[in-house]
Structure formats: structure tokens, C-alpha cells
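Visitor: For reference, the structure I am asking about is given below.
Since every read-out is calculated from the coordinates, none of them should be taken as a lab result. For clarity, every value in this text was computed on a predicted model and none was experimentally measured. We place every Cβ from the backbone using ideal geometry, glycine too, and count neighbours over all the protein chains shown.
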Amino acid sequence: MPSAPATPPATAKAPALNRAGLPLTAYRGLPSTLCSGCGHDAITNMIIRASFEMNLEPAQVAKLSGIGCSSKTAAYFLNQSHGFNGVHGRMAAIATGVNLANHTLLNIGVSGDGDTASIGLGQFLHMVRRNVRICYIIENNGVYGLTKGQFSATADKGSTLKRGEVNEMDPIDACALAIEMGCEYVARSFSGDQKQLLNLLKGAMRYDGTALVDVVSPCITFNNHEGSTKSYKFAKEREEALHDVTYVPDYEPFFADYDHGQTHTIDLPDGARIVLKKLDRDYDPSDRVRALELLSRARDEHLFLTGLIYHHKGGPKPLTKQKKLVAEPLATLPQSRTRPSREVLESIMDSLS
Amino acid sequence: MSAIAPTPTSIPAPSAHGAFPVPQPLLNDFVLTVATVNGSGSQSANAVLFRAIFQMGVPVSGKSIFPSNIQGLPTWYTLRVNKEGWIARRADVDLLVALNPESVAEDLRALPSGASVILHSDLKSMLKRDDLKVHIVPFGELVAQVCPEVRLRKLVSNMVYVGVVGWLLGIELEEIQKAIVQQFGKKSKAIELNRNAANLGYNWSAEHLQNDRMLQIRRMDANRGKILIEGNAACSLGFLFGGVTVVGWYPITPSSSVIDNLAALLSRYRHDPETGKATYAVVQAEDEIAAIGFVLGAGWAGARAMTATSGPGISLMAEMAGLAYFAEIPAVIVDVQRVGPSTGLPTRTGQQDILKAHFLSHGDCRHPLLIPADPKEAYEFAALSLDLAERLQTLVFLMSDLDLGMNLWSAPRFAYPEKPMDRGKVLSAADLERLKKFERYRDVDGDGIPYRTLPGTRHPLAGYFTRGTGHTPAATYSEKTADWTENLDRLAKKFRAAADLLPAPVVEVESKGDVGLIAYGTSDMAVKEALDLLRREDGDAPGYLRLRGVPFSDAVRRYLERHRIVHVVEQNRDAQLTTLLRMDFPEFASRLRPLLHYDGMPLDAKSVVQKLRQARA
Ligand SMILES: Cc1ncc(C[n+]2csc(CCOP(=O)(O)OP(=O)(O)O)c2C)c(N)n1
Ligand code: SF4
Ligand SMILES: [Mg+2]
């Protein structure tokens, strides 16, 4: 054991700072109170990593969630950002309001499969339809974790609960519905597939509109048994990535060194890109009908396909552009711009008398 | 005109038997009801009549009683003219314009003896009474003369009755024509068509009808400097000048026109002159849960946000209302009350959401209510609601009703807001730098109102986590009992602080003795008229305090202290405001005597008088 040096060794590096001048730790949140081994915690870690590597300014992020174990995680990352843990299934509407009030913020939404696909399905679809700018993450475990393990609407047909109950109905596939509603960035991933998840999250954070990342995230306590199709075992064995996903930031040189025909490049705002490299399947994520067909087949054959399932610039303009909002946030406009003049009132009064 | 057979004319009522006094002409004091079919376009004609009388300087009110459909069911429009300015609803009709085959039998049956009727000649056979003054008018033939287009005749024939009524009541033809121009604005073809129709009705009547001049409008000067406006439109103007920035809504009668009007005003007056870009957003939601969700998200992020709805929408907003209360988020809901429960009578008026709105949600929560009585207050309270929501960081209700919202009222011109907007206790990055400390829910000033920061504030101390679950003053999660009760107690303190920020109650009539009366909202007109009547006829009437908001200020306590009996006039079955008064002032509970009206019609003075006399006996 070497004795303690009098001065710190030159090798004890200061923590690495990102382009926002912040260390990784600045993107952490409070300690998690979830069950240890919960898939949600792995997603939290990827959100922290992605935010750090994306050089996010904490003040420019709003963290939003509904209710559930998954929704609690909004407190476990980006401690310096404003966060809003709302009510069950209604984060989509809250996010819409935040977006209208301040469209310069990046909304990061975390929700559960119950929160989004059961109680919140209507709001979720309407948010997608409006193309509200948000990185919307579903932490999908097929059950209601917080209320102790009932089926959620994403549970696969034939899958069982811990106590044996069998789900007889088809699952609701949030990705398929989002594609139907015009969502332009639709991804599916697995909490255990860190690299893919990290890259998909980065793309979603950069997206100008609704970007959906549906992440299978096993509930270790209530849905990790034989017969579950959202268990670690099932997900690890069955995951089939549609492609290799790489996020390339705007400040990194982009070498189009991938074989033509072997890659698919997606341009994100301000020069960033996502590069999808072909694996076994020949899959074109810009084809809406094929994407839906793929999801339908995955459902019928119990396939677990991950990657960027759909991307195509064809949806409506992002909501705040549809509304032609001024450049500054509405929230902080001065009175001189939000109260019409005395003359306006007088002329209205004249017209009424 | 002579082309028309002169057969249909006026049938005078048989002269009164000797025992009855000779009837006096009713000058500027009578009630006219027009019975038509919904969707037949009579609204414009009724508005023209209203305007023409208004322009002649005579106090007038209009109440539309309409069904919950677009076309085909009976609808009644009642104009009350009163030289003293008593323009609450009055039930007895002096002149009926009977145009609706569906309702004519009942409309005629209900008339008091000696009343006048303008009857569509097609409905002649329905006349079974001989104690009415009847003027039979061949509307079909008349309109054919001025309106060659068959398609438009139904619409235009309404303006023929305007001419007939105008002649009978002595409304000046020029005023009718001016009102038509006002009503149709720039549509010159419509103006000409409708003018011709009104002229024809007027001139034909002069030639063919008998006019005993028992119902007459005489020029006065009571409307100088006044405007005509619906309560909902007044509300919209309040939000425009109150600087609203985010509006979320889901259509429902009778609140839809608040947002329709507001959206039109915003699109006209709230685009940046240089860029043409909008300084507001109006988004139609998929339901009321989403609408209030938009408002909460926007309020949390710092916008001045509101929504408007009615009873069924309020029910859907319940969960979010509690979140706004407990997470302390500014929000405004306009509740244009209609008759419930369930979908109830969606086109009838009432004050039936008072308790529901006040306690909306689960757990302990109470929301401030603002209760306007007239368009001027609707305008002022709308702007004020945005200030209060931000000042108190809570949900504020503006409790209007269908009577105020959807009827045309005469009102004084609205004043420009002189005070700057109140954006409440918001800390900037510079404030945080100076203070070096920020705790979201700490009661720093002792008024129960904490400070907040907005997302986007560039300072490491700015961020905090908002939740509906238990929290400490520093906004961290807590299930400790002391944290919970201390927080609830602080919220109660904040609620009490609201009492002094709300508009103070108004002593409308000084009390002579120890009997008082409390009323609120649109009961005001009928109550004032009733008290005047009691004073004149019985030489005795209670004093009157008008409440304009909840929570109650100390002035309300003092009023209860000073009176042995306090009648509380309400337009609901269960004495909702009385219940609140009894809850907050249990020591005076037995002094309160609810006086209730809940048939869906606007309150009238006669029923208030009756009930007060009964109470006295
Ligand atoms: C209106 C309402 N109903 C029911 C609940 C109870 N509840 C809390 S969380 C939850 C389900 C959460 O499931 P999910 O979104 O899948 O999250 P998970 O816990 O599985 O991560 C339910 C039903 C609630 N909070 N609010
Ligand atoms: S119950 Fe399930 S979802 Fe909830 S924290 Fe535990 S493992 Fe995670
Ligand atoms: Mg779940």
C-alpha cells in the first residue's frame, strides 16, 4: 500500500465536463426508491448519460410524468431541472400546456404502460396527433407495478400474472398507435440494451416534435416469472435489433463511411444525425405501412423487435409552429405585449354602443 | 300593399265590464315575448328589437329561453322594458308574437286576460279566447313581396314582425333601421333585404291594424354611455386585457362563446405587429380533463392560462383541481353554470355548482370563487382571476351562469385596467443569486403564499420537483405527519389571505332594521326590484348585501353579526352558499334563511317578494 501523497497526484483527474461545463453527476437525481433490479432504474441511468452526452442545460429541461413506479423516476435524474409528477395518465396534457407556455424547453416525459396505454391512452394519442415537442419514454413492464402487479393494457396475449391469471386479450401497442397518429419518431428498446437505448434517447431528445421511445423494462417484483413476456429472461432471449443505432452529434464529423444500402441516415435538427446500420433484416423505417405490418407480425408471433421502428418527416408541424407562436416563451412575455392598448378597448366599446 | 286582402285585422278585446277600472297605457313598462322555432333565425330580429329600444334610451333586457338543439324546437325570447331600470325577468307577458305552430296553443292559453297578440295568419284557427287583443298578420304573403328568394323567406319574415312590433309599440322606424345596420355590419345585401322587410311590416301595420297605444315605447335618456354585450363576451374581453396567454378548452353550452369570442379577439389584437406571430395559444382539447391539463402545465411553466366550461366539464376536471390546489399552480376555470345534475337542462340557468366548484377534487381543498353579477363584473373579474391565480398560486373559479353569459345586457362602458398585471411571487435567476436559497413551499412572508421559480430559469437553485403527494417546505417527498398537517395549515392560511384580495361585498341596500338579505351573481336585479317593491307596497324591506366571492371577508361576518335574520337568495335547491356561510360562521348558522329558486328560469322579483312575505308571515 503506497502512503498517502502530500499533494494530490496529477493522475487524480477532475471529473470530465461536457460542453455545457457540467460533470455527469450534475445530471443525477435523488436516489431511487424502486425495487433493486427494476428495469426503470436502468432507463434512468441512460437518461442521465444521454443528457450529459447531449450537453443539456438543466434549466432548459422540464421533466414530466404521470403516476406509477415509472413516473416516480422523474425525481431520479436531472435534479437541477424543474420536474412535475402530475396525476395518473394525464402527463400528455400537462406536457402540452408546458410546451405552449414555453416552447424553448425540452420536455422529457416518463410514463408507464398503465399510465400511457390504460388510463392515459386518449391523452397520449391526442398529444401525438398534435405533435407536441417531447421525448416521451414509456417504461413498459406489462403490469401496474405501483398497485402491485395487475395486468396493464400492453400485456401480451397468453402471458400470465405471477398468480397464474392468463391475459386473453391482444396487447395495445403504443408504437403502432403512435405511427397511426402521425408520430415521426417511434422507437422500441429494452432497458437491458444500454447502447441502443442511449442512442435512441439522444435522437428523441433532439427531435422537434413528439418522439416516442417505448422501452421494455422488467418489473422484477411482479412480472419477471416464467409465463411473462416482459421478463428479463424473455427480453434477453428474444430481443432482435432491427439495426444498429448510432447518434452522431452535430459537432462530430460525419463520415459517410457506411456502405450505401447498408445504412439509413436520419437528419435531426441543427445538424445532428442518427445512423441506422443494417443487421440481419432488410428494414426501411421510413415506410409506414411496413412498420405497421412489422408490428402486427411481431404481436402475432411474439417477436421482440427493437430499434427505430419508424421515422418519416410527414406529420403535422409541431404544435407551437401550428400555433405560430412568437419566438419568446409566452410565459414571460411582458405586459406591453399581452395587454392591448387603451385605444383598442375604446374602439371595441364604441362598436358595442 | 293593397294587393293584400284587407281581411286580417286587429280584433280588440271586449271592453272591460264596468267593475274594472279603465286600463292605463303601459309606457316603457311591459313585457314582450316572441315565440318562434329554434334555428329559424329569429335571434337577429330579436337583437334588432332590443337594440332599437335601447337606442331610444329606454332600459331594456332580453332573455332567450331556448332548447338544447340546433333547429326545430320551440324557443322564446322575452324583452322587458322598464323605465325604472328594473330589467330582471318578469313572468307575465303583455304582448306575444305567436309564430310557432308547435307552441301557439299553450302560448295563447298562458296569456293574462287583456294581453295583446301578434298572430301569424296561418295560426288563426288556434285562437280560442276572446279576451285578448289580437292582430292577425299574413307574414307569408308579406315576406313574399320583399323577398323573391324562397330559400331566404323564413329568415326574412322575422324582420317583418320587427316592423309590426315597432309600429305597435311606437318604436321609431329610423332606430329600427339603424339597429339593422348594426346587426348586419358590412353585409349590404342582408341590410337591404331586412330593412325592406321591417319597413313593410311597419307600413302594412299602419294601414291594416288598429293601435290602441296601450303599450308604448317613449324616448328616454337612460342608456347614454352604455354598451350592449353578452356576459360571455364581457368575460372574453376581460381575459384579452388581462393578458391571457394559454387557453385550453372543450366546447359545452353555455360556455363555448367565452372561448369563441376570446379566440376571435386574440386573433385580431394579439399578433406581434412586426412578425405577425401570436402572443397566445388557444387549443381545443379532446375533453375537459385535457383542457385543465393544458392549463395546469401552462400555469406551472408561467403562462396566464384559463379554460371555460360548465357543470359536466367541471366534474371531469375534479382530479386536476386538487392537483392545482396542492401543488400550488395558478389556473383559472370559468364555470358558466347551467342546470344539472348530469346533462340536466343544458340551456337553462342556475347557481348550482357553488359547492361543487368550491370543494372540487378529493381531500381537503377549497378554491376561491369570483361571482360576477353583470357584464361589467364579468369583464373585471376575468382579468382579476388571472392576477389572483398567479398571486395565490392556486385554481380560481369565475362563477358565471347562462343568464349572464348568453343574454344581451346593457352595461356601462368597460374601463381600461389601470393597475399593472400581478404576476405573483416569482423569483428570477438574479433573485436566486441574491438570496442564495430557495424553498418552494416555505411560508417566507407569513401570508401562506410561497415563492416559485419558472422552468427555464438559468440558475442551479431554480429547479424543484412538483408533486401532488406529500412534501416538505423544500418540495422534497415526505410522508411525515407533521409535514402534512403543517402544509395543509399553511394552505388554509393562504386561502384566508385570499378573502382580502377578492372584491369586497357590496351593501346594495342599507338595512333599516335587523333583517338582512344576502344574494350573489345574477340574482341581483330581481332582488333589488323585489326590495323596492316591498318598500313601496309594504313599507318594509330587508337590507341587502351582495357577495362577490368566496372566501368570505370579515365584512360578511360583521353583516351576520348585525342582523337577527339574514335571507340568502340562491338559484339552487340545496342552499349551497348558505351551507358555506354556516360552515364558516357556525355561530350565526341559525340566522340564515335560504330563499331558493331552481326552476331553470332567471330569477324574477315577484317570486322573491312572495317568498319574503311568506317568511315574514
Ligand atoms: C386516477 C387514479 N386511479 C388509480 C390510481 C392508482 N394507480 C397508481 S399507479 C397505477 C398504475 C401504474 O402502472 P404503470 O403506469 O404501468 O406504472 P408502473 O408502476 O408499472 O411503472 C395505478 C392504477 C391513481 N394513482 N390514480
Ligand atoms: S414494483 Fe416493479 S415496477 Fe415497481 S419498482 Fe418494483 S420492480 Fe419496479
Ligand atoms: Mg407498468
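Visitor: Would you please name the trypsin sites (Lys or Arg not before Pro) within region B:63-158 that are DSSP coil residues with at most 10 other C-beta atoms within 10 Å of their C-beta?
Guide: B:LYS128
Visitor: Work out, step by step, the length gained on full extension between B:GLU141 and B:GLU174: first 0.36 nm times the residue separation, then minus their alpha carbon distance; give nm to one decimal.
Guide: Between B:GLU141 and B:GLU174, full extension yields 9.5 nm more.
Visitor: Something else: Sort B:ARG440, A:ARG49, A:ARG188, B:ARG218 by Cβ crowding within 10 Å, fewest neighbours at the top.
Guide: B:ARG218, A:ARG49, B:ARG440, A:ARG188
Visitor: Still on this structure, please answer the following. Please work out the Kirkwood hydrodynamic radius for region B:87-190, using every pair of different C-alpha atoms, and report it in angstroms with one decimal place.
Guide: 15.2
Visitor: Using the Karplus equation 6.51 cos²θ - 1.76 cosθ + 1.60 (θ = phi - 60°), what ³J(HN,Hα) coupling, rounded to whole Hz, does each residue of region B:313-330 give in order, writing x for Gly and Pro?
Guide: With the stated coefficients, region B:313-330 comes to x, 4, 4, 5, 7, 4, 4, 5, 4, x, 4, 4, 5, 7, 7, 6, 10, x Hz.
Visitor: Local charge sum around B:LEU402 (other residues, Cβ-Cβ under 15 Å, Lys/Arg +1, Asp/Glu -1)?
Guide: Combined, the nearby Lys, Arg, Asp and Glu give -3.
Visitor: Please report the net charge: other residues with Cβ closer than 15 Å to the Cβ of B:ALA318, K and R +1, D and E -1.
Guide: Value of the local net charge: -3.
Visitor: Now a separate question. Check each of the trypsin sites (Lys or Arg not before Pro) in region A:297-338 and keep only those in coil by DSSP with at most 14 other C-beta atoms within 10 angstrom; list them in order.
Guide: Counting only loop positions with at most 14 other Cβ atoms within 10 Å, the trypsin sites (Lys or Arg not before Pro) in region A:297-338 are A:LYS313, A:LYS324.
Visitor: Does region B:506-616 classify as rounded, prolate or oblate by the C-alpha gyration tensor (a ≥ b ≥ c root eigenvalues; a/c under 1.5 gives rounded; else a/b over b/c gives prolate, otherwise oblate)?
Guide: oblate
Visitor: Based on the Kirkwood radius over alpha-carbon pairs, what value in µm²/s does the Stokes-Einstein equation return for the translational diffusion coefficient of region B:256-408 at 10 °C and 1.306 mPa s?
Guide: Calculated translational D: 101 µm²/s.
Visitor: Then there is this: Quick query: amide H of A:ASN140 versus all other amide H atoms, modeled in the peptide plane; which residues come in under 5 Å with a sequence gap of 5 or more or a different chain?
Guide: A:VAL215, A:VAL216, A:SER217
Visitor: Say each of B:TYR598 and B:GLU561 gets a label point 7 Å from the Cα, pointing the same way as Cα to Cβ; how far apart are those two points in nm?
Guide: Each label point lies 7 Å from its Cα, and together they span 3.3 nm.
Visitor: Peptide B:222-232: average number of partner chain Cβ atoms within 10 Å per residue?
Guide: That average works out to 2.
Visitor: Here's a follow-up. Would you calculate a helix-derived [θ] at 222 nm for the protein assembly as shown, using -39,500 (n - 2.57) for each DSSP H run of n ≥ 4 and dividing by the full residue count, to the nearest 500?
Guide: -10500 deg cm²/dmol
Visitor: Now for a separate question. Where Lys and Arg each count +1 and Asp and Glu each count -1, what net charge lies around A:PHE77 among other residues with Cβ under 14 Å from its Cβ?
Guide: So the environment of A:PHE77 carries a net charge of +1.
Visitor: Moving on. Specify, per residue and in Å³, the volume enclosed by the convex hull of the alpha carbon atoms belonging to region B:43-143.
Guide: It is 123 Å³ per residue.
Visitor: Can you give the Rg/Rh ratio of the protein assembly as shown, where Rg is from the C-alpha atoms and Rh is the Kirkwood radius?
Guide: My calculation of the ratio gives 1.06.
Visitor: Still on this structure: For region B:453-511, what are the per-bin percents of Cα-Cα distances with bins 5 Å wide, up to the bin holding the maximum?
Guide: Bins of 5 Å from zero give 4, 14, 15, 14, 14, 14, 9, 5, 4, 5, 3, 0 percent of pairs.
Visitor: Continuing with the same structure: Inside 10 Å of the C-beta atoms of B:462-474, what's the mean count of C-beta atoms belonging to other chains?
Guide: Taking the mean over all residues of the peptide, I get 5.
Visitor: Any idea what angle helix B:173-184 forms with the longest principal axis of chain B, computed on alpha-carbon atoms, 0 to 90 degrees, nearest 10?
Guide: Approximately 40 degrees, to the nearest 10.
Visitor: Kirkwood Rh over Cα pairs of chain A into Stokes-Einstein at 20 °C, 1.002 mPa s: D in µm²/s?
Guide: Rounded to a whole number, D works out at 100 µm²/s.
Visitor: If you don't mind, there's one more thing I want to ask. Whose amide H sits under 5 Å from the amide H of B:LEU398, counting only residues 5 or more places off or on another chain, with H placed in the peptide plane?
Guide: Placed amide hydrogens put B:ILE333, B:VAL334, B:ASP335, B:LEU370 under 5 Å from B:LEU398.
Visitor: Leaving out same-chain residues fewer than 8 places away, which aspartates and glutamates sit with a Cα under 16 Å from that of A:LYS321?
Guide: By straight Cα distance, A:LYS321 reaches A:GLU184, A:ASP208, B:ASP272.
Visitor: Determine the relative contact order of chain A: mean sequence separation of Cα pairs under 8 Å and six or more apart, normalised by residue count, in whole percent.
Guide: Contact order relative to length: 16 percent.
Visitor: Related question: Going through the cross-link list B:LYS154/B:LYS528; B:LYS187/B:LYS419; B:LYS154/B:LYS187; B:LYS178/B:LYS606; A:LYS162/A:LYS202, which pairs have a Cα-Cα distance over 28 Å in this structure?
Guide: Distance filter (> 28 Å) returns B:LYS154/B:LYS528; B:LYS187/B:LYS419; B:LYS178/B:LYS606; A:LYS162/A:LYS202.
Visitor: If we count other beta carbons within 10 Å of each Cβ, what is the order of A:GLU346, B:GLU230, fewest first?
Guide: A:GLU346, B:GLU230
Visitor: Same structure again: In chain B, what is the volume of the convex hull around the alpha carbon atoms, normalised per residue and reported in Å³?
Guide: Convex hull volume per residue, Cα atoms: 171 Å³.
Visitor: Which whole-number percentage describes the relative contact order of chain B, with Cα contacts under 8 Å and a sequence gap of 6 or more?
Guide: 12
Visitor: Based on the alpha-carbon gyration tensor of region B:26-224 and its eigenvalue square roots a ≥ b ≥ c, which shape applies: rounded if a/c is under 1.5, prolate if not and a/b is larger than b/c, or oblate?
Guide: Rounded, since a/c falls under 1.5.
Visitor: Comparing A:ALA298, A:ALA14, A:ALA331, which has the greatest mean-square fluctuation in the GNM of chain A with Cα pairs linked when under 10 Å apart?
Guide: Top of the fluctuation ranking is A:ALA14.
Visitor: Would you mind checking which residues have amide H under 5 Å from A:PHE304's amide H? H placed 1.01 Å from N; only 5 or more apart, or other chain.
Guide: A:GLU240
Visitor: Please list, by residue number, every one of the GluC sites (Glu not before Pro) in region A:146-225 that is coil in DSSP and has at most 15 other beta-carbon atoms within 10 Å.
Guide: The qualifying sites are A:GLU165, A:GLU168.
Visitor: A further question on this structure: For the pair B:SER315 and A:GLN150, how long in nm is the line joining their label points, each one 7 Å along Cα→Cβ?
Guide: It is 2.2 nm.
Visitor: Have a look at A:ALA155, A:ALA174, A:ALA26 and tell me which one the Gaussian network model of chain A (Cα, springs below 10 Å) gives the largest fluctuation.
Guide: In this elastic network of chain A, the residue with the biggest mean-square fluctuation among A:ALA155, A:ALA174, A:ALA26 is A:ALA26.
Visitor: Also: Over the whole of A:333-344, what's the average partner chain Cβ count within 10 Å per residue? Rounded to a whole number, please.
Guide: Average neighbour count from other chains, rounded to a whole number: 6.
Visitor: Specify the residue with the greatest mean-square fluctuation among A:GLY114, A:GLY21, A:GLY83, computed from a Gaussian network of chain A linking alpha-carbon atoms under 10 Å apart.
Guide: Greatest mean-square fluctuation among the candidates belongs to A:GLY21.
Visitor: In sequence order, what are the phi-derived ³J(HN,Hα) couplings for region B:81-96 according to the Karplus relation 6.51 cos²θ - 1.76 cosθ + 1.60 with θ = phi - 60°, rounded to whole Hz, with x for glycine and proline?
Guide: With the stated coefficients, region B:81-96 comes to 10, 8, 5, 7, x, 7, 10, 5, 4, 10, 6, 7, 9, 9, 9, 10 Hz.
Visitor: Taking every pair of alpha-carbon atoms in region B:429-483, what share in percent sits in each 10 Å bin, from 0 to the bin with the longest distance?
Guide: In whole percents, the pair-distance histogram is 23, 51, 23, 2.
Visitor: Where the convex hull is taken over the Cα atoms of region A:293-353, what is its projected area averaged over directions, in nm²?
Guide: 9.3
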